[in-house]
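J.: Submitted below is the structure of interest, expressed as structure tokens.
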Amino acid sequence: MRPIETLRRSEMPIADRPLAARTRAFLDGLPLEREGGRQLRRLADGGVVGDWFGCELSSVFQPIVAPADGRAIGYEAYLRILGSGERALSPWTLFSANADDDQLVALDRLARTVHALNFLRTVEGDGLLFLNVHGRLLATVSSDHGAAFRKVVDALGLPPERIVIETPLAASSQPDLLAFVLRNYRNNGFQVAINVASPKQWQALCIGVPAQFVKIDGARLLPAEDWRARVDGMAAVRERVRIVLTRLEHKLNGPLPEEVCVQGHGYGLPAQYAMITRAWRRVPDRVAL
């Protein structure tokens, strides 16, 4: 299978045209049907899917919301996979099936490229794209994490600062490796997010780990009577860091610190690219939890 199609700058429109137009030549050149050796193809509605040895990779996006004004600051991309016979597969199943490190790296980059292309053709404004990176990739790539993907986003005309590379929860138990990886991604122009198991873990990581977003499962906080104080404490640990409460099934009642964002079914379901019209979407008024 040939590597991801090379995105040549000469194929892109001139720099002063709208961002979405920069990818038009490349998107129009993608086949509408599967072709041997081609990893990307275009659907009739304009969406992009990737092909990984017969499995079809597509994107859904879930909003990350600033509750103070109900606007989405960005979207987290999730992978949807159809296997042979139109069977839905979990990303975990597909990634686990690729034991070879080189194959894992290629699959991870293909998934992120599919997300970036669908994000570009879908989201207006300056919203952020949150992209998860597989935990094994952090150790498999020995140095300069993000350099190869930076070439892709540069060719697409997507500013790297609009992309937030998100590491898994397990990576936060290896602070030295995590700090090294995040510095590499930041040196390549990307923003970075980590996941933590508790406010205490963020306090332990905050000095050495250059995260710009810190995500924590809301289910780990909300059962505690003092959850608001814990959220306030996380937001106060370090300046210019946003805390994201995830997996919220219902909207929260009452104000949160300005540095806190929310994510979960209560604030928006993961949606296919065709259902998203702009990055700044107003969320309905909050209801009591």
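J.: Grab the Cα-Cα distance for Arg247 and Tyr78, subtract it from 0.36 nm times how many residues apart they are, and report the gain in nm with one decimal. If you can, show how the numbers build up before the last one.
T.: Working: separation 169, 0.36 × 169 = 60.84 nm, distance 1.38 nm.
Contour length minus the Cα-Cα distance gives 59.5 nm.
J.: Which of the chymotrypsin sites (Phe, Trp or Tyr not before Pro) found in segment 41-127 are in a DSSP loop and have at most 16 neighbouring Cβ atoms, other than their own, within 10 Å?
T.: Values: sites: Trp52, Phe53, Phe61, Tyr75, Tyr78, Trp92, Phe95, Phe119; in loops: Phe53.
Answer by residue number: Phe53.
J.: At 7 Å along Cα-to-Cβ for each site, give me the label-to-label distance between Asp45 and Ala88 in nm.
T.: Computed distance between label sites Asp45 and Ala88 equals 1.5 nm.
J.: Right, another one. Determine the sum of side-chain charges near Pro199: Lys and Arg each +1, Asp and Glu each -1, restricted to other residues whose C-beta is under 13 angstrom from that of Pro199. It would help to have the intermediate numbers written out before the result.
T.: Details: positive: Lys200, Lys215, Arg220, Arg228, Arg230, Arg238; negative: Asp217, Asp226, Asp232.
Result for the local shell: +3.
J.: Figure the gain on full extension for Arg24 and Asp100 (residue separation times 0.36 nm, minus the Cα-Cα span) and round it to one decimal in nm.
T.: Values: separation 76, 0.36 × 76 = 27.36 nm, distance 3.41 nm.
Length gained between Arg24 and Asp100: 24.0 nm.
J.: Run the quick spin-label model on Asp144 and Ala219: label points 7 Å from Cα toward the beta carbon, then report their separation in nm to one decimal.
T.: Calculated label separation equals 4.1 nm.
J.: What does the charge dipole of segment 91-170 about its Cα centre add up to, to the nearest 20 debye, if the Cβ of each Lys and Arg holds +1 and the Cβ of each Asp and Glu holds -1? Intermediate results must be reported in sequence, preceding the final value.
T.: Numbers: 7 positive and 10 negative charges, 24 e Å.
The dipole magnitude comes to about 120 debye.
J.: Okay, next question. How many angstrom separate the Cα center of segment 153-212 from the Cα center of segment 231-249?
T.: 15
J.: Using 7 Å Cα-to-Cβ label points, what is the Gln272/Arg183 separation (nm, one decimal)?
T.: Placing both labels 7 Å beyond Cα along the Cβ direction yields 4.4 nm.
J.: Sorted by accessible area (1.4 Å probe), largest first, how do Val262, Val237 line up? Please list the in-between numbers first.
T.: Details: Val262 0, Val237 45 Å².
The ordering from most to least exposed comes out as Val237, Val262.
J.: Please list, by residue number, every one of the GluC sites (Glu not before Pro) in segment 47-87 that is coil in DSSP and has at most 11 other beta-carbon atoms within 10 Å.
T.: Values: sites: Glu56, Glu76, Glu86; in loops: none.
Answer in residue order: no site qualifies.
J.: Report the FRET efficiency, 1/(1 + (r/R0)^6), for Leu32 and Glu161, where r is their Cβ-Cβ distance and R0 is 45 Å, rounded to 0.05.
T.: On the way: r = 33 Å, r/R0 = 0.73.
Calculated transfer efficiency: 0.85.
The values are calculated or read from the model by the stated rules, or taken from the named source; none is laboratory data. Remember, predicted model here, so these are calculated numbers, not experimental data. Neighbour counts run over all protein chains shown; Cβ positions are idealised from the backbone, glycine included. These accessible areas exclude ligands, DNA and RNA; they are computed on the full protein's heavy atoms, side chains included. Shrake-Rupley method; radii C 1.70, N 1.55, O 1.52, S 1.80 Å.
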